[in-house]
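> My questions will all concern the structure given below.
The values are calculated or read from the model by the stated rules, or taken from the named source; none is laboratory data. All values derive from a computational prediction rather than experimental measurement. Don't worry about glycine lacking a Cβ; one is built from the backbone with ideal geometry, like all the others, and counts go over all protein chains shown.
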Amino acid sequence: MRVLNKKLLIKILIVSFLVPSTLLASNLISAIKGGDISATQLAIESGADLNKKYDLIQIDEETTPLMLAAYYGYFDVVELLVESGADVFIRNSILDSALTIAQEQGYNDIVDYLIPYFREIKYDFFGASEDIEWEDSLDDALEEAEEKHKYVMAVFMRIGCKWSKKMGESSFQDEIIDQLINKSFIPVLMDKEIGEYPREELQVKYTPTIFFLDSDMNVKSKIGGFRSPEKFMKELKVVIKRLNKN
C-alpha cells in the first residue's frame, strides 16, 4: 500500500479543486507517455478517470491509460494503474485489450502480469455448466485422453466475445450436451488471447471455435462459430459417430 507524504497530499488537494477534468486527463496521458510513475500517481490521486478512452493516433481512437502504458512497455505504470482500479478487460475499437497490445509489442513482463486476470474469470465469463469436467490445461487434457483412449474437445473462447458467452450460457448449459461431452471427450476451455495453446498447430481465427483432437494433437474435427443448443447437439452427435468409426 502506497503512503502519500504531506507535500504530495497538499498537491492532490489543490489539483482536485482547481484542475478541470480535461487537464487531469491530459496530465495523466502525458505522465504515462513519459513513464513518469510519480506524475501518474498524482494524476490518479487527483481523480483522473482511469477507464476513459482517448483518441491516440499511434494506437487507436479508443485507447485507455492502461492500454497506453502497455503499448510503451512501462511495467511499473501498468501495475500502478491496475492496482488503482484500471479495468484490464476493456477493449478498443479493434477489440484489442491491454494484454493483446503488450503481446503485440513484445513486453512479456506485462503479459505475464496481466494473464492471470484473464485466467481467473474465463470460466465465469463463458458461463458453462459446472457439471462439465474441464481439464486445467491442454497438456493435461492430452495426457488424460491418452490414458482413457478418448478425444480432447478443445473449446476456444475469448473474454469479451459475445458469441463465446452466448454459446457458453446456452449450448454448454444443456444437460444432455453436458453428459455427451463428459462421456465422449476430455474437455478443456481456453482463452484465445492468453497463450494457452500452440498457435502454429491450432489456427484459431475467431471465437468460439471447437477442435476435436487425438492424444497426439491431430485435429480430427472442428466446429467454428456460435451454435444454438439444438444445432450444437446435432453436430456433436455427428462428430462422435465419426470418431467412433476410427
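> For the stretch 226-246, give me the residue count where each residue is loosely packed, with under 13 Cβ neighbours inside 10 Å and in a loop (DSSP other than H, G, I, E, B).
Of the residues in the stretch 226-246, 2 are loosely packed, with under 13 Cβ neighbours inside 10 Å and in a loop (DSSP other than H, G, I, E, B).
> Taking residue 4, is it modelled with pLDDT under 70 and not in a helix (DSSP H, G or I)?
Details: modelled with pLDDT under 70: yes; not in a helix (DSSP H, G or I): yes.
Against the criterion (modelled with pLDDT under 70 and not in a helix (DSSP H, G or I)), residue 4 qualifies.
> Here is a follow-up. Within the stretch 206-225, restricting attention to residues that are in a loop (DSSP other than H, G, I, E, B) and surrounded by fewer than 18 Cβ atoms within 10 Å (Cβ to Cβ), which residue is nearest to the chain's Cα centre (by Cα)?
206
> Report whether or not residue 177 is more than 22 Å from residue 87 (Cβ to Cβ), in contact with a Pro (Cβ under 9 Å, 6 or more places away or on another chain) and either in contact (Cβ under 8 Å) with a residue 24 or more places away in the chain or aromatic (Phe, Trp, Tyr) (or both).
Values: more than 22 Å from residue 87 (Cβ to Cβ): yes; in contact with a Pro (Cβ under 9 Å, 6 or more places away or on another chain): yes; either in contact (Cβ under 8 Å) with a residue 24 or more places away in the chain or aromatic (Phe, Trp, Tyr) (or both): yes.
Answer is yes for this residue.
> How about the stretch 158-179: which of its residues are in a helix (DSSP H, G or I) and crowded, with 17+ Cβ neighbours inside 10 Å?
164, 165, 167, 168, 170, 171, 172, 173, 177, 178, listed by residue number.
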